[in-house]
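The values are calculated or read from the model by the stated rules, or taken from the named source; none is laboratory data. Bear in mind that the values here come from a model prediction, so they are computed numbers and not experimental data. Ideal geometry is used to build each Cβ from the backbone, glycine not excepted, and the neighbour counts take in all protein chains shown.
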Amino acid sequence: MSPSLKAATAVGVLLLATACGSSNGSGSDASGLNPPDLKAQEKLGKTEGEVNLIAWAGYVEDGANNPDVDWVSDFEKETGCQVNTKTAASSDEMVSLMKTGQYDAVSASGDASLRLIASGDAAPVNTDLTPNYADVFEGLKNKDWNTVNDVAYGVPHGRGANLLMYNTEKVKPAPTSWSAVFDKGSEYKGKVTAYDSPIYIADAALYLMATQPDLGIKNPYALDRKQFDASVALLKEQNANIGEYWSDYLKEISAFKSGDSVVGTTWQVIVNAAKAEKAPVEAVLPEEGATGWSDTWMLSAKAEHPNCAYKWMDWIISPEVNAQVAEYFGEAPSNARSCELTADKDHCATYHASDEAYWKNVHYWTTPISQCIDGRTDTQCVPYAEWVQAWTGIKG
């Protein structure tokens, strides 16, 4: 089994955040967001003996799922910090758990990160206290989803793009555009699949950004009412052709193997696993670009074990550990030095880890807020709560 398929088997049902993304690779400061005035820790103190984490499945492995997959035990031995992990299935769950004050750090996706910053549940992070941050790809630093007013609120963990996967025997010619699931979706009626999350509205907005420039969309997560309504309308039209909305990692693989799905959104790790199971699939980053995700380890403003949490954040982005996590989970590592240490020497090439030109066409998840994060000040944008409501209507 490939490392990606092992991860799928060990994790079982793997859900990423119902998340939101930012614009492209350009830096920003989440314009209009005014978080509480919290100060970052200035120096490390004595470690507290334990750390309580909230994480996506596959991010904090101690050998329990697979005895060969363990980057927690050495951390505990080296730091004296016992790791206690709560695995979360959604960003909403992560936000709720962080509000309890019982956890020290969280592996937040873009929709959770800005919510945690705005509410004061996440603390600014002094990246000088995480030496491995220096080796993080520049394309992941100081971004809309992890930085506000030039203040960092965490350390980047990894990244991935939301790709277009297709059955090579059924979908011809090979698609190069998201039109395959929007304008041409009727050709594959009942066999189109889409990610089951309110953030998928951004995928429609991204397509409209390229195909209907008169709408003036500059950022698929900064939509005024007209732009938002147009995106929702496109998805309601698409609904007639959808066979299944997927959130279950393994079910999408099964659907492409059986032929129940022939075209739709996916992640590179799913492509790899599907190919390993002999499904006739390929995937492409369409000409319009794509949405994508980058997770950030964030520190709770109420952390009872902040020194152990800092040790963990530095550990998880260290070259060797970040390589292990990225390969097991199926993503591009955040640490540039990790690419020399993956067991599969082609891993970073497969996931475009150092290809910043590739990532410039990926619009990372970031929370939609009423202040338009594309810089507009003369209008309000539709906040995430309304995206959630609209998604229910889209699915019918």
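Would a scan of the stretch 295-312 turn up a residue that is β-branched (Val, Ile, Thr) and in a helix (DSSP H, G or I)? No: zero hits. The set of residues from the stretch 220-251 being assigned to a helix (DSSP H, G or I) and either hydroxyl-bearing (Ser, Thr, Tyr) or on the phi > 0 side of the Ramachandran plot (or both) comprises Ser231, Tyr249. A single member of Gln389, Gln371 is surrounded by fewer than 21 Cβ atoms within 10 Å (Cβ to Cβ), among the polar types (S, T, N, Q) and in contact with a helix residue (DSSP H, G or I) (Cβ under 9 Å, 6 or more places away or on another chain), and it is Gln389.
Checked against the criteria, Leu215 does not count as of a type outside the set (Val, Ile, Thr) and touching a residue at least 40 places away in the same chain (Cβ under 8 Å). Taken together, the residues in the stretch 85-95 that are at pLDDT 90 or above and assigned to a loop (DSSP other than H, G, I, E, B) amount to 1. Residues in the stretch 49-58 that are modelled with pLDDT of 95 or more and crowded, with 18+ Cβ neighbours inside 10 Å: Val51, Asn52, Leu53, Ile54, Ala55.
So for the stretch 134-156 (the condition being of a type in the set (Ser, Thr, Tyr), surrounded by 24 or more Cβ atoms within 10 Å (Cβ to Cβ) and under 20 Å from the mean Cα position of the chain (by Cα)), does at least one residue qualify? Within the stretch 134-156, one or more residues are of a type in the set (Ser, Thr, Tyr), surrounded by 24 or more Cβ atoms within 10 Å (Cβ to Cβ) and under 20 Å from the mean Cα position of the chain (by Cα).
Look through Tyr103, Tyr133 and report the one residue that is within 24 Å of Glu61 (Cβ to Cβ), of a type outside the set (Asp, Glu) and in contact with an Asp or Glu (Cβ under 8 Å, 6 or more places away or on another chain). Outline the logic, then answer.
Working: Tyr103 fails: in contact with an Asp or Glu (Cβ under 8 Å, 6 or more places away or on another chain).
That would be Tyr133, the only listed residue that is within 24 Å of Glu61 (Cβ to Cβ), of a type outside the set (Asp, Glu) and in contact with an Asp or Glu (Cβ under 8 Å, 6 or more places away or on another chain).
When restricted to residues that are modelled with pLDDT of 95 or more, out of contact with any Cys (no Cβ under 7 Å at 6 or more places or on another chain), within 23 Å of Tyr249 (Cα to Cα) and buried (at least 20 other Cβ atoms within 10 Å of the Cβ), the stretch 334-352 contains 2.
Test Asp260 against the stated conditions and say whether it is within 25 Å of Lys143 (Cβ to Cβ), surrounded by fewer than 21 Cβ atoms within 10 Å (Cβ to Cβ) and acidic (Asp, Glu). Taking the combined requirement at face value, the residue does not satisfy it.
Between Glu327, Glu320, the distinction of being surrounded by fewer than 22 Cβ atoms within 10 Å (Cβ to Cβ) and out of contact with any Cys (no Cβ under 8 Å at 6 or more places or on another chain) belongs to Glu320 only.
Considering only residues in the stretch 96-115 that are modelled with pLDDT of 95 or more and part of a helix (DSSP H, G or I), the one that is surrounded by the most Cβ atoms within 10 Å (Cβ to Cβ) turns out to be Met98.
The lone criterion from (1) hydroxyl-bearing (Ser, Thr, Tyr); (2) part of a loop (DSSP other than H, G, I, E, B); (3) out of contact with any helix residue (DSSP H, G or I) (no Cβ under 7 Å at 6 or more places or on another chain) left unmet by Ser254 is number (2). Going by what's in this entry, would Pro173 be described as without any contact (Cβ under 8 Å) to a residue 24 or more places away in the chain and out of contact with any Pro (no Cβ under 8 Å at 6 or more places or on another chain)? In short, yes. Tell me, yes or no, whether the stretch 110-125 has at least one residue that is farther than 21 Å from Pro319 by Cβ, β-branched (Val, Ile, Thr) and over 14 Å from the mean Cα position of the chain (by Cα). So far as the stretch 110-125 goes, yes, one or more of its residues are farther than 21 Å from Pro319 by Cβ, β-branched (Val, Ile, Thr) and over 14 Å from the mean Cα position of the chain (by Cα).
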